[in-house]
Each structure stands twice: as C-alpha cells, then as structure tokens.
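What follows is one structure encoded as structure tokens, with my remarks underneath.
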Amino acid sequence: MSSKSQLTYSARASNHPNALAKRLFQIAETKKTNVTVSADVTTTKELLDLADRLGPHIAVIKTHIDILSDFSEETITGLKTLAEKHNFLIFEDRKFIDIGNTVQKQYHGGTLRISEWAHIINCSILPGEGIVDALSQTASAADFPYGPERGLLILAEMTSKGSLATGEYTKASVDHARKFKGFVLGFVSTRSLGEVPTEGSVASDEEDFVVFTTGVNLASKGDKLGQQYQTPESAIGRGADFIIAGRGIYAAPDPVEAAKQYQKAGWEAYTARVAGT
C-alpha cells in the first residue's frame with residue numbers, strides 16, 4: 001500500500017499538487033464521508049432526487065449519463081446545483097476508450113456536454129498513451145473554461161469476474177498516470193497502485209494518486225453477471241480512498257439510511273487505517 005494511504009485526508013489535501021484531488025480530500029474530511037454512490041438510474045427525476053437525498057452523506061456521485069432516457073438541460077443544471085448545495089463532486093463513468101481526436105470531441109462538446117458538469121471522468125488506456133494525452137490537452141487548453149476543476153481517473157483494474165485489466169495493462173496505467181499527473185487524479189482499481197513498478201517512469205515523493213474502488217456492498221458477494229463485491233473494510237484496507245457503492249444504496253428499501261450505513265462503515269475503516277489498527 002502507498003505510504004500516503006496512512007495519512008489523513010486533510011494532511012493529503014494540504015500538500016497535494018492536484019487542485020481537484022485537494023478539493024476531493026477536503027470534501028471527505030469536512031463531511032466525514034468517503035462514499036461515492038453509483039446512481040445507475042434511468043430518468044433525470046430519479047437521478048436528481050437521489051442526488052438531493054443522498055447528497056449530505058456522499059463525497060461523489062457517479063453517473064452513467066448515457067443511460068438516462070431524458071437527458072436535457074434540466075439534467076445538467078440540476079446536477080450542478082445539487083453538487084454546490086451538498087458539496088459533492090460529479091464523476092461521469094464514461095470510460096472513454098478511443099483515439100485521441102474522438103475522445104476530445106466526446107468529452108468537450110457533443111450531445112452530453114460532459115466537460116460542462118462532470119468534475120471527474122475516466123478512461124481505459126487500451127488505445128495507448130494518446131488517450132490520456134488528448135484528454136489532458138483538452139483540459140489544459142487556453143480556451144477550456146473549467147481548468148483545475150476537472151480531472152481524470154484511469155481505469156486500471158475492474159471488479160468483474162475474468163477482467164483482463166491486469167498485469168501489464170495495470171502497469172501501463174500507472175506509467176501513464178505518472179506522465180500526466182497534472183490532470184490524472186488516480187485510478188479506479190481494487191487496491192493501492194503506488195508501489196506498482198513500471199518501466200517508463202518512477203514514483204516520486206510527491207506522488208499521491210487517489211484510489212476509487214468499485215463493487216462495494218455491505219450485504220452481497222456478487223451478481224449473476226459476474227460482478228464481485230467487497231466490503232468497505234476490505235476495500236479501504238487494500239488502499240481504496242473512496243468506495244463506490246451502487247445497488248447496495250440506490251436499490252435499498254431506504255436509500256438514505258443505506259447511504260448512512262456505508263458512510264459510517266467507510267469512515268470507520270478509513271480512521272482505522274490511518275490509525276494503523
């Protein structure tokens with residue numbers, strides 16, 4: 001596990017070179033939550049209702065905006081308003097995976113206008129380093145109006161059974177992150193990757209990549225489609241900084257109460273980690 005994982009969120013925020021990572025850690029510390037809710041609902045009304053009700057208990061809301069049947073200006077305005085109201089970030093789980101010229105158009109512009117409202121995006125590095133470079137160039141362009149309020153997570157590992165995001169792919173993910181750390185916040189992975197050796201780059205003392213771990217569920221161990229779950233304790237024990245829970249929260253009989261349970265479990269696991277217990 002990366003040595004930075006033993007530090008508190010506030011300590012990591014105080015020295016972090018990435019402005020969005022700094023803000024993310026500050027949100028977590030202020031609200032005492034490391035929960036990201038994966039709001040995989042299909043209408044704007046459901047999405048905004050969940051965001052408003054769960055907002056006080058989460059650090060990030062993760063969207064799959066292209067599954068909405070009625071995406072519109074109301075969706076964008078509503079998400080941005082609620083993010084400000086409840087002090088959380090928006091993560092669009094688009095998983096960009098194409099040549100650089102295409103992903104630039106998908107990210108900044110297009111029907112979904114992702115760069116306007118999503119603080120965080122993610123990509124797979126299967127197309128090569130160019131995809132990270134292209135997204136980084138877009139976010140750092142002189143005419144890009146959102147600047148340091150945008151960041152990228154590299155999809156370095158997945159929790160689905162039989163995932164091929166392992167080995168050399170994961171090593172390359174870390175290598176690319178180190179080359180573009182001004183824009184890359186960290187990884188979607190099942191563990192801390194700070195100690196993963198790479199051929200093209202080396203870790204530095206300032207390196208502090210943020211780890212988001214998906215597939216966190218307090219009750220279930222998996223589903224019929226190959227998803228494999230872990231608990232907040234096991235995820236954070238392996239190096240996760242933020243836990244991503246979906247059906248365990250939004251499909252619960254009382255999503256707000258479920259979010260509170262994940263918030264409590266996630267925060268207790270984090271405090272135990274930084275205390276070394």
Beta bridges by DSSP in the chain, antiparallel share as percent, to the nearest 5: 5
Keeping all protein chains in the complex and leaving out DNA, RNA and ligands, what accessible area do you get for Y250 with a 1.4 Å probe, in Å² to the nearest 10? 60
Under the Karplus relation with 6.51, -1.76 and 1.60 and θ = phi - 60°, whole-Hz ³J(HN,Hα) for region 108-125, x at Gly and Pro, equal 10, x, x, 5, 8, 6, 4, 5, 6, 10, 8, 5, 10, 10, 9, 8, 9, 9
Would you calculate a helix-derived [θ] at 222 nm for the chain, using -39,500 (n - 2.57) for each DSSP H run of n ≥ 4 and dividing by the full residue count, to the nearest 500? -12000 deg cm²/dmol
Report the calculated FRET efficiency for D143 and A19 (r = Cβ-Cβ distance, R0 = 30 Å), to the nearest 0.05. 0.95
Debye, to nearest 20: dipole size of the chain, +1 on Lys, Arg Cβ, -1 on Asp, Glu Cβ: 520
Considering the chain as a Gaussian network with a 10 Å cut-off on Cα pairs, which listed residue, A259, A83, A11, attains the greatest mean-square fluctuation? A11
Gyration tensor verdict on region 1-137 (Cα atoms; rounded if a/c is under 1.5, prolate if a/b is larger than b/c, oblate otherwise): oblate
With a 1.4 Å probe and all protein chains in place, put E84, E92 in order of accessible area, largest first. E84, E92
Take the chain, connect every pair of alpha-carbon atoms lying under 10 Å apart with a spring to form a Gaussian network, then pick out the residue of V256, V184, V60 with the largest mean-square fluctuation. V256
Suppose all protein chains stay in the model; what accessible area per residue would a 1.4 Å probe give for the chain, in Å²? 43
Log entry: pair-distance distribution for the chain, C-alpha pairs binned every 5 Å from zero, whole % per bin is 1, 6, 13, 18, 20, 19, 14, 7, 2, 0
On a 32 Å Cα-Cα criterion, which of the cross-link pairs K22/K260; K171/K260; K80/K260; K85/K181 come out too long? K171/K260
Please list the non-local residues whose amide H lies under 5 Å from the amide H of A165, H modeled 1.01 Å from N, same-chain partners needing a gap of 5 or more. M158
Selected from H176, T30, Y262, residue furthest toward positive end of dipole (region 9-276; charges at beta carbon): Y262
I'd like the carbon and sulfur percentage of the solvent accessible area for the chain, probe radius 1.4 Å, heavy atoms only, ligands and nucleic acids excluded. 52
Just to be sure I understand the model, the point goes 7 Å from the Cα along the line to the Cβ. What's the resulting E46 to N87 distance in nm? 3.0
Listed by chain and number, the residues whose amide H is under 5 Å from that of K95, excluding neighbours fewer than 5 places away on the same chain and using placed H, are N122
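The values are calculated or read from the model by the stated rules, or taken from the named source; none is laboratory data. This is a predicted model, so every value here is computed, not measured. Because the Cβ atoms are built from the backbone with ideal geometry, glycine has one as well, and the counts that use them run over all protein chains shown. Accessible surface areas use protein heavy atoms only, side chains included; no ligands, DNA or RNA. Shrake-Rupley method; radii C 1.70, N 1.55, O 1.52, S 1.80 Å.
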